[in-house]
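Trainee: Dropping a structure here in C-alpha coordinates format, bear with me for questions.
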Amino acid sequence: MAAQLGQITVKGALKPDFEQILSPEALQFLLDLQQTFNSRRKELLAQRSKRQAEINAGKFPQFLSETEKLRNDNWEVAACPADLLDRRVEITGPVDRKMIINALNSGANVFMADFEDSNSPTWSNNIEGQLNLREAVKKNLSFTSPEGKSYKLKEQLATLVVRPRGWHLVEKNVEVNGEAISASLFDFGLYFYHNVHELLKRNSGPYFYIPKLESHLEARLWNDVFNFAQDALKIPRGTIRVTVLIETILAAFEMDEILYELKEHASGLNAGRWDYMFSMIKKLHNDPAFMLPDRASVTMTVPFMQAYCNLLVQTCHRRKAHAMGGMSAFIPSRRDLELNERAMTKVREDKQREAGLGFDGTWVAHPDLVPIAKAEFDKILQSRPNQKDKLRQEVSVQAKELLDAKVDGGTVTEAGLTNNISVALQYIESWLRGTGAVAIYNLMEDAATAEISRAQLWLWIKRATKLEDGRQVTKELYQTIKEKELQELTKNSSGHFAQAAKILDQLVLADTFAEFLTLPAYEYLKDS
(Lines give C-alpha, C1' and ligand atoms only; values in the text may rest on other atoms or scores of the structure.)
Protein backbone atom coordinates (compact mmCIF):
# COMPACT_ATOMS: atom_id res chain seq x y z
CA MET A 1 0.00 0.00 0.00
CA ALA A 2 1.35 3.44 -0.95
CA ALA A 3 2.53 5.80 1.78
CA GLN A 4 1.73 9.48 1.26
CA LEU A 5 3.44 12.58 2.66
CA GLY A 6 1.93 15.61 1.01
CA GLN A 7 3.23 15.71 -2.56
CA ILE A 8 5.51 12.68 -2.20
CA THR A 9 4.25 9.11 -2.51
CA VAL A 10 6.13 5.92 -1.62
CA LYS A 11 4.78 3.17 -3.87
CA GLY A 12 7.30 0.51 -2.87
CA ALA A 13 6.47 -1.96 -0.11
CA LEU A 14 7.35 -0.76 3.39
CA LYS A 15 9.08 -3.85 4.73
CA PRO A 16 10.31 -4.03 8.34
CA ASP A 17 12.87 -1.28 9.08
CA PHE A 18 12.21 0.54 5.79
CA GLU A 19 10.40 3.30 7.71
CA GLN A 20 13.73 4.08 9.40
CA ILE A 21 15.13 5.18 6.05
CA LEU A 22 11.86 6.56 4.65
CA SER A 23 11.01 8.66 7.69
CA PRO A 24 8.78 11.74 7.24
CA GLU A 25 11.82 13.98 7.74
CA ALA A 26 13.89 12.11 5.15
CA LEU A 27 11.00 12.14 2.66
CA GLN A 28 10.61 15.89 3.16
CA PHE A 29 14.31 16.30 2.39
CA LEU A 30 13.88 14.25 -0.81
CA LEU A 31 10.81 16.30 -1.75
CA ASP A 32 12.78 19.53 -1.35
CA LEU A 33 15.63 18.20 -3.50
CA GLN A 34 13.29 16.99 -6.25
CA GLN A 35 11.23 20.17 -6.39
CA THR A 36 14.33 22.37 -6.42
CA PHE A 37 16.46 20.52 -8.97
CA ASN A 38 14.41 18.13 -11.14
CA SER A 39 13.48 20.67 -13.81
CA ARG A 40 17.16 21.50 -14.36
CA ARG A 41 17.99 17.80 -14.49
CA LYS A 42 15.46 17.29 -17.29
CA GLU A 43 16.74 20.34 -19.18
CA LEU A 44 20.28 18.94 -19.07
CA LEU A 45 19.07 15.55 -20.31
CA ALA A 46 17.40 17.35 -23.22
CA GLN A 47 20.78 18.99 -23.91
CA ARG A 48 22.33 15.52 -24.13
CA SER A 49 19.87 14.60 -26.87
CA LYS A 50 20.56 17.84 -28.72
CA ARG A 51 24.31 17.27 -28.50
CA GLN A 52 23.94 13.71 -29.80
CA ALA A 53 22.01 15.02 -32.79
CA GLU A 54 24.84 17.46 -33.51
CA ILE A 55 27.44 14.67 -33.33
CA ASN A 56 25.29 12.50 -35.61
CA ALA A 57 25.35 15.40 -38.08
CA GLY A 58 29.16 15.54 -37.99
CA LYS A 59 29.81 18.21 -35.33
CA PHE A 60 32.33 16.25 -33.27
CA PRO A 61 33.40 17.13 -29.70
CA GLN A 62 36.08 19.78 -29.19
CA PHE A 63 37.62 21.50 -26.18
CA LEU A 64 35.31 24.39 -25.34
CA SER A 65 36.43 27.77 -26.69
CA GLU A 66 34.31 29.68 -24.16
CA THR A 67 36.19 28.16 -21.21
CA GLU A 68 39.72 28.43 -22.60
CA LYS A 69 40.68 31.10 -20.04
CA LEU A 70 39.50 28.83 -17.21
CA ARG A 71 41.67 26.00 -18.54
CA ASN A 72 44.70 28.28 -18.74
CA ASP A 73 44.25 29.90 -15.32
CA ASN A 74 45.98 28.57 -12.21
CA TRP A 75 43.45 27.34 -9.66
CA GLU A 76 43.18 24.27 -7.45
CA VAL A 77 40.46 22.19 -5.88
CA ALA A 78 39.90 22.21 -2.11
CA ALA A 79 42.47 20.56 0.16
CA CYS A 80 41.89 16.84 0.59
CA PRO A 81 40.41 15.37 3.83
CA ALA A 82 42.83 13.21 5.80
CA ASP A 83 41.01 9.93 5.14
CA LEU A 84 41.04 10.52 1.36
CA LEU A 85 44.72 11.44 1.06
CA ASP A 86 45.90 7.90 0.34
CA ARG A 87 43.70 6.12 -2.17
CA ARG A 88 46.22 3.76 -3.76
CA VAL A 89 43.75 0.86 -3.88
CA GLU A 90 39.97 1.19 -4.00
CA ILE A 91 37.59 -1.76 -4.07
CA THR A 92 34.09 -1.45 -5.50
CA GLY A 93 30.87 -3.39 -5.28
CA PRO A 94 27.14 -3.32 -4.54
CA VAL A 95 25.52 -2.47 -1.22
CA ASP A 96 24.54 -5.89 0.15
CA ARG A 97 25.69 -6.68 3.70
CA LYS A 98 28.29 -9.34 2.91
CA MET A 99 29.89 -7.25 0.15
CA ILE A 100 30.09 -4.15 2.34
CA ILE A 101 31.73 -6.06 5.20
CA ASN A 102 34.24 -7.89 3.00
CA ALA A 103 35.13 -4.70 1.11
CA LEU A 104 35.57 -2.56 4.21
CA ASN A 105 37.72 -5.34 5.73
CA SER A 106 39.70 -5.99 2.52
CA GLY A 107 42.79 -3.88 3.25
CA ALA A 108 41.88 -1.45 0.47
CA ASN A 109 42.17 2.24 1.25
CA VAL A 110 38.69 3.05 -0.02
CA PHE A 111 35.47 1.13 -0.63
CA MET A 112 33.08 2.51 -3.21
CA ALA A 113 29.59 1.31 -2.24
CA ASP A 114 27.62 1.27 -5.46
CA PHE A 115 23.95 2.04 -6.09
CA GLU A 116 24.75 2.35 -9.79
CA ASP A 117 26.27 -0.06 -12.33
CA SER A 118 26.94 -3.01 -10.01
CA ASN A 119 23.56 -2.75 -8.25
CA SER A 120 20.33 -4.07 -9.71
CA PRO A 121 17.97 -1.28 -8.58
CA THR A 122 15.18 -3.32 -7.05
CA TRP A 123 13.32 -1.51 -4.30
CA SER A 124 14.65 -3.97 -1.71
CA ASN A 125 18.25 -3.63 -2.90
CA ASN A 126 18.09 0.17 -2.73
CA ILE A 127 16.47 0.55 0.69
CA GLU A 128 18.28 -2.38 2.30
CA GLY A 129 21.48 -0.88 0.88
CA GLN A 130 20.75 2.39 2.67
CA LEU A 131 20.07 0.49 5.91
CA ASN A 132 23.32 -1.47 5.49
CA LEU A 133 25.37 1.67 4.91
CA ARG A 134 23.89 3.37 7.94
CA GLU A 135 24.96 0.41 10.08
CA ALA A 136 28.38 0.35 8.41
CA VAL A 137 28.93 4.04 9.22
CA LYS A 138 28.16 3.24 12.86
CA LYS A 139 30.45 0.18 12.60
CA ASN A 140 27.56 -2.05 13.70
CA LEU A 141 27.14 -4.02 10.48
CA SER A 142 27.24 -7.83 10.68
CA PHE A 143 26.02 -10.76 8.60
CA THR A 144 25.47 -14.48 9.07
CA SER A 145 25.30 -16.61 5.94
CA PRO A 146 22.70 -19.38 5.45
CA GLU A 147 25.55 -21.83 6.20
CA GLY A 148 26.12 -20.14 9.57
CA LYS A 149 29.31 -18.25 8.72
CA SER A 150 29.62 -14.96 10.59
CA TYR A 151 30.93 -11.71 9.10
CA LYS A 152 31.83 -8.66 11.21
CA LEU A 153 33.67 -5.39 10.67
CA LYS A 154 37.30 -5.18 11.74
CA GLU A 155 38.85 -2.28 13.60
CA GLN A 156 40.74 -1.00 10.54
CA LEU A 157 38.35 -0.21 7.70
CA ALA A 158 38.49 1.29 4.23
CA THR A 159 37.15 4.82 3.83
CA LEU A 160 33.57 4.70 2.61
CA VAL A 161 32.56 6.44 -0.64
CA VAL A 162 29.07 6.07 -2.14
CA ARG A 163 28.08 6.13 -5.82
CA PRO A 164 24.47 7.21 -6.52
CA ARG A 165 22.77 6.49 -9.82
CA GLY A 166 23.25 8.82 -12.80
CA TRP A 167 21.17 11.83 -13.82
CA HIS A 168 19.32 9.85 -16.53
CA LEU A 169 17.73 7.37 -14.11
CA VAL A 170 14.61 7.59 -11.95
CA GLU A 171 13.38 5.71 -8.88
CA LYS A 172 9.93 4.50 -9.91
CA ASN A 173 8.92 3.49 -6.37
CA VAL A 174 8.83 7.10 -5.13
CA GLU A 175 6.81 9.81 -6.90
CA VAL A 176 6.52 13.55 -6.46
CA ASN A 177 3.22 14.87 -7.82
CA GLY A 178 2.81 11.66 -9.81
CA GLU A 179 6.30 11.77 -11.39
CA ALA A 180 9.09 9.31 -10.54
CA ILE A 181 11.83 10.93 -8.45
CA SER A 182 15.38 11.38 -9.76
CA ALA A 183 17.38 8.29 -8.77
CA SER A 184 20.45 10.51 -8.27
CA LEU A 185 18.68 12.73 -5.77
CA PHE A 186 17.05 9.72 -4.11
CA ASP A 187 20.30 7.79 -3.53
CA PHE A 188 22.36 10.83 -2.59
CA GLY A 189 19.66 12.40 -0.43
CA LEU A 190 18.95 9.36 1.73
CA TYR A 191 22.62 8.55 2.36
CA PHE A 192 23.52 12.16 3.14
CA TYR A 193 20.50 12.79 5.35
CA HIS A 194 20.95 9.70 7.50
CA ASN A 195 24.75 9.61 7.81
CA VAL A 196 26.36 13.05 7.58
CA HIS A 197 26.33 13.78 11.33
CA GLU A 198 27.65 10.32 12.28
CA LEU A 199 30.38 10.52 9.63
CA LEU A 200 31.56 13.90 10.93
CA LYS A 201 31.52 12.61 14.49
CA ARG A 202 33.89 9.84 13.35
CA ASN A 203 36.30 12.30 11.66
CA SER A 204 35.20 11.33 8.17
CA GLY A 205 32.62 12.84 5.86
CA PRO A 206 29.98 12.29 3.18
CA TYR A 207 32.09 11.22 0.20
CA PHE A 208 30.66 10.38 -3.23
CA TYR A 209 31.57 9.07 -6.67
CA ILE A 210 29.50 10.75 -9.40
CA PRO A 211 28.84 8.73 -12.60
CA LYS A 212 27.93 9.37 -16.23
CA LEU A 213 28.44 13.15 -16.42
CA GLU A 214 28.52 14.55 -19.95
CA SER A 215 29.23 18.23 -19.28
CA HIS A 216 30.43 20.75 -16.71
CA LEU A 217 26.85 22.05 -16.51
CA GLU A 218 25.81 18.67 -15.13
CA ALA A 219 28.62 18.99 -12.59
CA ARG A 220 27.34 22.48 -11.72
CA LEU A 221 23.94 20.98 -10.97
CA TRP A 222 25.54 18.46 -8.60
CA ASN A 223 27.46 21.28 -6.91
CA ASP A 224 24.23 23.21 -6.35
CA VAL A 225 22.63 20.05 -4.93
CA PHE A 226 25.55 19.69 -2.52
CA ASN A 227 25.29 23.29 -1.35
CA PHE A 228 21.52 23.02 -0.91
CA ALA A 229 21.83 19.78 1.07
CA GLN A 230 24.60 21.12 3.32
CA ASP A 231 22.67 24.35 3.99
CA ALA A 232 19.46 22.44 4.73
CA LEU A 233 21.16 20.29 7.38
CA LYS A 234 23.33 23.18 8.63
CA ILE A 235 26.55 21.49 7.51
CA PRO A 236 29.46 23.71 6.37
CA ARG A 237 29.78 23.99 2.61
CA GLY A 238 32.69 21.93 1.31
CA THR A 239 32.03 19.08 3.76
CA ILE A 240 30.85 16.85 0.91
CA ARG A 241 33.70 15.52 -1.24
CA VAL A 242 33.20 14.08 -4.68
CA THR A 243 35.23 12.16 -7.24
CA VAL A 244 33.87 12.29 -10.78
CA LEU A 245 34.08 9.32 -13.10
CA ILE A 246 35.26 10.46 -16.51
CA GLU A 247 33.41 7.72 -18.35
CA THR A 248 31.95 9.62 -21.30
CA ILE A 249 33.85 11.02 -24.25
CA LEU A 250 32.13 14.40 -23.80
CA ALA A 251 33.31 14.67 -20.20
CA ALA A 252 36.87 13.95 -21.37
CA PHE A 253 36.78 17.29 -23.20
CA GLU A 254 35.63 19.10 -20.04
CA MET A 255 37.79 17.68 -17.23
CA ASP A 256 39.08 21.09 -16.14
CA GLU A 257 35.62 22.60 -16.28
CA ILE A 258 34.08 19.75 -14.25
CA LEU A 259 36.70 20.12 -11.54
CA TYR A 260 36.19 23.88 -11.52
CA GLU A 261 32.42 23.62 -11.09
CA LEU A 262 32.91 21.26 -8.14
CA LYS A 263 36.04 23.00 -6.90
CA GLU A 264 34.92 23.38 -3.27
CA HIS A 265 33.80 19.74 -3.17
CA ALA A 266 36.12 18.03 -5.67
CA SER A 267 38.58 15.32 -4.66
CA GLY A 268 39.51 13.87 -8.03
CA LEU A 269 38.64 12.22 -11.32
CA ASN A 270 38.53 8.52 -12.19
CA ALA A 271 39.24 6.83 -15.52
CA GLY A 272 36.02 4.83 -15.85
CA ARG A 273 37.38 2.74 -18.70
CA TRP A 274 34.47 0.42 -19.56
CA ASP A 275 31.76 3.07 -19.65
CA TYR A 276 34.19 5.30 -21.55
CA MET A 277 34.49 2.67 -24.28
CA PHE A 278 30.69 2.36 -24.36
CA SER A 279 30.38 6.14 -24.62
CA MET A 280 32.69 6.18 -27.63
CA ILE A 281 30.37 3.76 -29.43
CA LYS A 282 27.24 5.61 -28.34
CA LYS A 283 28.42 9.07 -29.31
CA LEU A 284 30.28 8.23 -32.53
CA HIS A 285 28.12 5.43 -33.92
CA ASN A 286 26.91 7.58 -36.83
CA ASP A 287 30.44 8.32 -38.06
CA PRO A 288 31.22 5.94 -40.96
CA ALA A 289 34.91 6.04 -40.05
CA PHE A 290 34.27 4.81 -36.49
CA MET A 291 34.43 1.15 -35.54
CA LEU A 292 35.74 -0.76 -32.54
CA PRO A 293 36.93 -4.38 -32.88
CA ASP A 294 36.44 -7.18 -30.35
CA ARG A 295 36.23 -5.76 -26.83
CA ALA A 296 39.19 -7.86 -25.66
CA SER A 297 41.50 -6.09 -28.12
CA VAL A 298 40.57 -2.56 -26.96
CA THR A 299 43.05 -2.35 -24.09
CA MET A 300 44.29 0.66 -22.14
CA THR A 301 47.38 0.75 -24.37
CA VAL A 302 45.50 1.62 -27.58
CA PRO A 303 46.13 5.26 -28.58
CA PHE A 304 42.75 6.84 -27.76
CA MET A 305 42.67 5.25 -24.31
CA GLN A 306 46.26 6.30 -23.64
CA ALA A 307 45.45 9.89 -24.63
CA TYR A 308 42.45 9.88 -22.27
CA CYS A 309 44.50 8.60 -19.32
CA ASN A 310 47.40 10.98 -19.93
CA LEU A 311 45.05 13.96 -20.08
CA LEU A 312 43.24 12.87 -16.92
CA VAL A 313 46.44 12.56 -14.87
CA GLN A 314 47.79 15.87 -16.15
CA THR A 315 44.51 17.70 -15.48
CA CYS A 316 44.06 16.31 -11.98
CA HIS A 317 47.60 16.95 -10.80
CA ARG A 318 47.66 20.49 -12.13
CA ARG A 319 44.57 21.12 -9.97
CA LYS A 320 45.86 19.14 -6.94
CA ALA A 321 43.16 16.50 -7.37
CA HIS A 322 43.51 12.71 -7.22
CA ALA A 323 43.80 10.87 -10.53
CA MET A 324 42.26 7.42 -10.09
CA GLY A 325 42.90 4.50 -12.43
CA GLY A 326 40.51 1.94 -13.88
CA MET A 327 39.00 -1.35 -12.83
CA SER A 328 40.65 -4.76 -12.68
CA ALA A 329 37.64 -7.06 -12.76
CA PHE A 330 39.31 -10.48 -12.57
CA ILE A 331 37.86 -12.94 -10.05
CA PRO A 332 40.42 -15.51 -8.86
CA SER A 333 39.54 -19.15 -9.52
CA ARG A 334 39.84 -21.65 -6.68
CA ARG A 335 40.45 -24.44 -9.21
CA ASP A 336 42.40 -23.13 -12.21
CA LEU A 337 45.79 -22.01 -10.95
CA GLU A 338 47.18 -21.53 -14.45
CA LEU A 339 44.31 -19.18 -15.32
CA ASN A 340 44.98 -17.31 -12.09
CA GLU A 341 48.65 -16.81 -12.84
CA ARG A 342 47.97 -15.49 -16.35
CA ALA A 343 45.31 -13.12 -15.04
CA MET A 344 47.41 -11.93 -12.09
CA THR A 345 50.26 -11.15 -14.46
CA LYS A 346 47.89 -8.96 -16.49
CA VAL A 347 46.65 -7.25 -13.32
CA ARG A 348 50.22 -6.51 -12.21
CA GLU A 349 51.12 -5.13 -15.62
CA ASP A 350 47.98 -2.97 -15.69
CA LYS A 351 48.61 -1.50 -12.23
CA GLN A 352 52.31 -1.03 -12.93
CA ARG A 353 51.37 0.91 -16.07
CA GLU A 354 48.86 3.08 -14.17
CA ALA A 355 51.31 3.87 -11.37
CA GLY A 356 53.95 4.74 -13.96
CA LEU A 357 51.58 7.10 -15.78
CA GLY A 358 51.08 9.05 -12.56
CA PHE A 359 47.77 7.75 -11.25
CA ASP A 360 47.37 8.08 -7.48
CA GLY A 361 45.41 4.86 -7.09
CA THR A 362 43.35 2.25 -8.85
CA TRP A 363 40.23 0.07 -8.68
CA VAL A 364 39.78 -3.66 -8.10
CA ALA A 365 36.65 -5.79 -7.87
CA HIS A 366 37.89 -8.60 -5.60
CA PRO A 367 39.68 -8.56 -2.21
CA ASP A 368 42.38 -10.96 -3.51
CA LEU A 369 43.52 -8.28 -5.96
CA VAL A 370 44.05 -5.64 -3.25
CA PRO A 371 47.61 -6.73 -2.26
CA ILE A 372 48.64 -7.15 -5.91
CA ALA A 373 47.48 -3.66 -6.87
CA LYS A 374 48.87 -2.16 -3.67
CA ALA A 375 52.31 -3.68 -4.27
CA GLU A 376 52.60 -1.95 -7.66
CA PHE A 377 51.58 1.44 -6.27
CA ASP A 378 53.82 0.95 -3.21
CA LYS A 379 56.82 0.66 -5.55
CA ILE A 380 56.13 4.13 -6.91
CA LEU A 381 54.55 5.91 -3.94
CA GLN A 382 56.46 4.21 -1.11
CA SER A 383 55.46 6.19 1.99
CA ARG A 384 53.87 9.09 0.08
CA PRO A 385 50.05 9.14 0.03
CA ASN A 386 49.87 10.09 -3.66
CA GLN A 387 51.96 11.47 -6.54
CA LYS A 388 50.19 14.73 -7.28
CA ASP A 389 53.62 16.30 -7.75
CA LYS A 390 53.95 14.32 -11.01
CA LEU A 391 52.58 17.05 -13.28
CA ARG A 392 53.02 15.33 -16.66
CA GLN A 393 53.87 18.67 -18.29
CA GLU A 394 55.12 16.86 -21.38
CA VAL A 395 51.55 15.78 -22.20
CA SER A 396 49.72 17.67 -24.94
CA VAL A 397 46.53 15.87 -25.96
CA GLN A 398 44.66 17.13 -29.03
CA ALA A 399 40.98 16.59 -29.75
CA LYS A 400 41.73 14.30 -32.67
CA GLU A 401 43.72 11.97 -30.37
CA LEU A 402 40.74 11.50 -28.06
CA LEU A 403 38.52 10.71 -31.04
CA ASP A 404 40.92 8.44 -32.95
CA ALA A 405 39.56 4.96 -32.29
CA LYS A 406 41.87 3.05 -34.61
CA VAL A 407 43.08 -0.18 -33.02
CA ASP A 408 46.04 -1.65 -34.89
CA GLY A 409 45.49 -5.31 -35.62
CA GLY A 410 41.99 -5.25 -34.17
CA THR A 411 39.40 -7.47 -35.83
CA VAL A 412 35.82 -8.57 -35.31
CA THR A 413 35.66 -12.32 -34.80
CA GLU A 414 32.95 -14.91 -34.31
CA ALA A 415 34.39 -15.50 -30.83
CA GLY A 416 34.04 -11.78 -30.03
CA LEU A 417 30.49 -11.74 -31.41
CA THR A 418 29.55 -14.81 -29.39
CA ASN A 419 31.14 -13.44 -26.24
CA ASN A 420 29.18 -10.20 -26.54
CA ILE A 421 25.90 -12.08 -26.95
CA SER A 422 26.62 -14.45 -24.07
CA VAL A 423 27.82 -11.74 -21.66
CA ALA A 424 24.84 -9.51 -22.44
CA LEU A 425 22.33 -12.33 -21.97
CA GLN A 426 23.90 -13.53 -18.72
CA TYR A 427 24.20 -10.04 -17.30
CA ILE A 428 20.68 -8.91 -18.15
CA GLU A 429 19.22 -12.17 -16.79
CA SER A 430 21.07 -11.75 -13.51
CA TRP A 431 20.14 -8.05 -13.30
CA LEU A 432 16.47 -8.98 -13.70
CA ARG A 433 16.89 -11.40 -10.78
CA GLY A 434 18.20 -8.55 -8.64
CA THR A 435 21.97 -9.11 -8.91
CA GLY A 436 23.96 -6.32 -10.59
CA ALA A 437 27.53 -7.57 -10.06
CA VAL A 438 27.86 -10.84 -11.95
CA ALA A 439 30.74 -13.31 -12.25
CA ILE A 440 31.00 -14.24 -15.95
CA TYR A 441 34.04 -16.08 -17.33
CA ASN A 442 36.13 -15.16 -14.25
CA LEU A 443 35.36 -11.45 -14.59
CA MET A 444 33.13 -9.38 -12.34
CA GLU A 445 30.83 -7.79 -14.88
CA ASP A 446 28.50 -4.87 -14.28
CA ALA A 447 26.16 -2.81 -16.45
CA ALA A 448 29.08 -1.13 -18.26
CA THR A 449 30.37 -4.31 -19.88
CA ALA A 450 26.84 -5.34 -20.85
CA GLU A 451 26.45 -1.89 -22.44
CA ILE A 452 29.63 -2.35 -24.50
CA SER A 453 28.49 -5.81 -25.59
CA ARG A 454 25.05 -4.78 -26.82
CA ALA A 455 26.40 -1.54 -28.36
CA GLN A 456 28.97 -3.42 -30.40
CA LEU A 457 26.34 -5.92 -31.53
CA TRP A 458 24.06 -3.12 -32.70
CA LEU A 459 26.83 -1.33 -34.58
CA TRP A 460 28.27 -4.46 -36.18
CA ILE A 461 24.81 -5.43 -37.47
CA LYS A 462 24.04 -1.88 -38.61
CA ARG A 463 27.29 -1.73 -40.60
CA ALA A 464 27.14 -5.35 -41.83
CA THR A 465 30.66 -5.57 -40.45
CA LYS A 466 32.86 -8.29 -41.87
CA LEU A 467 34.15 -10.94 -39.51
CA GLU A 468 37.76 -12.04 -39.64
CA ASP A 469 36.66 -15.03 -41.75
CA GLY A 470 34.90 -12.83 -44.33
CA ARG A 471 31.27 -13.38 -43.26
CA GLN A 472 29.10 -10.36 -42.53
CA VAL A 473 27.46 -9.71 -39.17
CA THR A 474 23.73 -9.80 -39.92
CA LYS A 475 20.54 -10.00 -37.89
CA GLU A 476 20.27 -13.63 -38.96
CA LEU A 477 23.77 -14.50 -37.74
CA TYR A 478 23.06 -12.73 -34.46
CA GLN A 479 19.81 -14.70 -34.02
CA THR A 480 21.51 -18.01 -34.83
CA ILE A 481 24.30 -17.49 -32.29
CA LYS A 482 21.88 -16.09 -29.70
CA GLU A 483 19.62 -19.15 -29.91
CA LYS A 484 22.62 -21.45 -29.56
CA GLU A 485 23.83 -19.53 -26.50
CA LEU A 486 20.34 -19.55 -24.96
CA GLN A 487 20.16 -23.32 -25.31
CA GLU A 488 23.47 -23.67 -23.51
CA LEU A 489 22.60 -21.14 -20.80
CA THR A 490 19.17 -22.62 -20.04
CA LYS A 491 20.21 -26.27 -19.76
CA ASN A 492 19.78 -26.28 -16.00
CA SER A 493 17.44 -23.35 -15.43
CA SER A 494 15.40 -21.05 -17.64
CA GLY A 495 15.66 -18.21 -15.10
CA HIS A 496 14.83 -14.85 -16.66
CA PHE A 497 16.54 -15.66 -19.96
CA ALA A 498 13.36 -15.27 -22.06
CA GLN A 499 13.00 -11.68 -20.83
CA ALA A 500 16.75 -11.09 -21.15
CA ALA A 501 16.66 -12.21 -24.78
CA LYS A 502 13.64 -10.00 -25.46
CA ILE A 503 15.44 -6.96 -24.01
CA LEU A 504 18.64 -7.74 -25.91
CA ASP A 505 16.69 -8.10 -29.18
CA GLN A 506 14.95 -4.81 -28.48
CA LEU A 507 18.34 -3.10 -28.10
CA VAL A 508 20.35 -4.86 -30.80
CA LEU A 509 17.78 -5.06 -33.61
CA ALA A 510 16.37 -1.54 -33.29
CA ASP A 511 16.83 0.94 -36.11
CA THR A 512 18.11 3.61 -33.71
CA PHE A 513 20.66 3.31 -30.91
CA ALA A 514 19.15 3.08 -27.42
CA GLU A 515 20.93 5.41 -25.02
CA PHE A 516 21.10 3.07 -22.01
CA LEU A 517 20.32 -0.61 -21.54
CA THR A 518 19.02 0.04 -18.03
CA LEU A 519 16.22 2.34 -19.19
CA PRO A 520 14.11 -0.28 -21.05
CA ALA A 521 15.28 -3.06 -18.71
CA TYR A 522 14.03 -1.12 -15.66
CA GLU A 523 10.46 -1.56 -16.93
CA TYR A 524 10.86 -5.34 -16.58
CA LEU A 525 12.48 -5.23 -13.15
CA LYS A 526 10.37 -6.64 -10.33
CA ASP A 527 11.18 -6.38 -6.66
CA SER A 528 12.88 -9.41 -5.16
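The values are calculated or read from the model by the stated rules, or taken from the named source; none is laboratory data. Not measured: the values here are computed from a predicted model. Quick reminder, even Gly has a Cβ in these numbers, built from the backbone with ideal geometry, and neighbours come from all protein chains shown.
Trainee: If you check Thr92, Thr122, which single one turns out to be surrounded by fewer than 23 Cβ atoms within 10 Å (Cβ to Cβ) and touching a Ser or Thr at 6+ places or on another chain (Cβ under 9 Å)?
Mentor: Thr122
Trainee: Among the residues of segment 393-413, which ones are surrounded by fewer than 22 Cβ atoms within 10 Å (Cβ to Cβ), in contact (Cβ under 8 Å) with a residue 60 or more places away in the chain and not in a loop (DSSP other than H, G, I, E, B)?
Mentor: Ala399, Glu401, Leu403
Trainee: Looking at (1) in contact with a helix residue (DSSP H, G or I) (Cβ under 8 Å, 6 or more places away or on another chain); (2) of a type in the set (Ser, Thr, Tyr); (3) modelled with pLDDT of 95 or more, find the lone condition where Ser145 falls short.
Mentor: (3)
Trainee: May I pose another question? Please work out which one of (1) part of a loop (DSSP other than H, G, I, E, B); (2) closer than 30 Å to Trp363 by Cβ is the condition Lys15 fails and give its number.
Mentor: If we test Lys15 against (1) part of a loop (DSSP other than H, G, I, E, B); (2) closer than 30 Å to Trp363 by Cβ, just (2) comes out false.
Trainee: Another question about this same structure. Met300 fails exactly one of the following numbered conditions: (1) crowded, with 22+ Cβ neighbours inside 10 Å; (2) closer than 27 Å to Gly410 by Cβ. What is the number of that condition?
Mentor: (1)
One line per residue, one yes/no per condition, for (1) in contact with a Ser or Thr (Cβ under 8 Å, 6 or more places away or on another chain); (2) charged (D, E, K, R); (3) surrounded by 14 or more Cβ atoms within 10 Å (Cβ to Cβ); (4) part of a loop (DSSP other than H, G, I, E, B):
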| site | (1), (2), (3), (4) |
| --- | --- |
| Leu27 | no, no, yes, no |
| Leu44 | yes, no, yes, no |
| Gln52 | no, no, yes, no |
| Gln62 | no, no, no, yes |
| Glu68 | no, yes, no, no |
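Trainee: Any residue in segment 227-243 that's without any contact (Cβ under 8 Å) to a residue 24 or more places away in the chain: show its pairings with residues that are surrounded by 18 or more Cβ atoms within 10 Å (Cβ to Cβ) at Cβ separation under 7 Å, as long as the two are six or more apart or on different chains.
Mentor: Here the result reads Gln230/Thr239; Gln230/Ile240; Pro236/Gln230, each pair linking segment 227-243 to a residue that is surrounded by 18 or more Cβ atoms within 10 Å (Cβ to Cβ).
Trainee: Here's another thing I want to ask about it. If we keep just the residues of segment 437-470 that are part of a loop (DSSP other than H, G, I, E, B) and touching a strand residue (DSSP E or B) at 6+ places or on another chain (Cβ under 6 Å), which is farthest from Lys482 (Cα to Cα)?
Mentor: It comes out as Ala437.
Trainee: Turning to a different aspect of this structure: Got a sec? Which of Gly495, Gly470 is farther than 21 Å from Leu169 by Cα and either under 23 Å from the mean Cα position of the chain (by Cα) or modelled with pLDDT under 95 (or both)?
Mentor: Gly495
Trainee: Testing Asn442 on (1) at pLDDT 95 or above; (2) touching a Ser or Thr at 6+ places or on another chain (Cβ under 7 Å), one condition comes back false. Which one is that?
Mentor: So Asn442 meets the others, but not (1).
Trainee: Pull up segment 69-96, narrow it to residues that are in contact with a Gly (Cβ under 9 Å, 6 or more places away or on another chain) and charged (D, E, K, R), then point me to the one that is farthest from Gly361 (Cα to Cα).
Mentor: Here the residue is Asp96.
Trainee: Ala405 versus (1) within 30 Å of Pro288 (Cβ to Cβ); (2) more than 24 Å from the chain's Cα centre (by Cα): which is the lone unmet condition?
Mentor: Single failed check for Ala405: (2).
Trainee: Mind telling me which of the residues Pro303, Pro371 ends up being over 22 Å from the mean Cα position of the chain (by Cα), of a type outside the set (Gly, Ala, Ser) and modelled with pLDDT of 95 or more?
Mentor: Answer to the check: Pro371.
Trainee: Is it fair to say Arg87 is of a type in the set (Lys, Arg), surrounded by 14 or more Cβ atoms within 10 Å (Cβ to Cβ), out of contact with any Phe, Trp or Tyr (no Cβ under 8 Å at 6 or more places or on another chain) and farther than 28 Å from Asp256 by Cβ?
Mentor: no
Trainee: Let me ask another. Looking at segment 268-364, what helices (runs of 4 or more DSSP H) fall wholly within it and have at least 3 residues that are under 24 Å from Glu76 (Cα atoms) and in contact with a helix residue (DSSP H, G or I) (Cβ under 6 Å, 6 or more places away or on another chain)?
Mentor: 303-318
Trainee: Follow-up question, since we're still on this one. Could we say that Thr512 is β-branched (Val, Ile, Thr), in a loop (DSSP other than H, G, I, E, B) and either touching a Lys or Arg at 6+ places or on another chain (Cβ under 8 Å) or without any contact (Cβ under 8 Å) to a residue 24 or more places away in the chain (or both) here?
Mentor: So Thr512 fits the description; yes.
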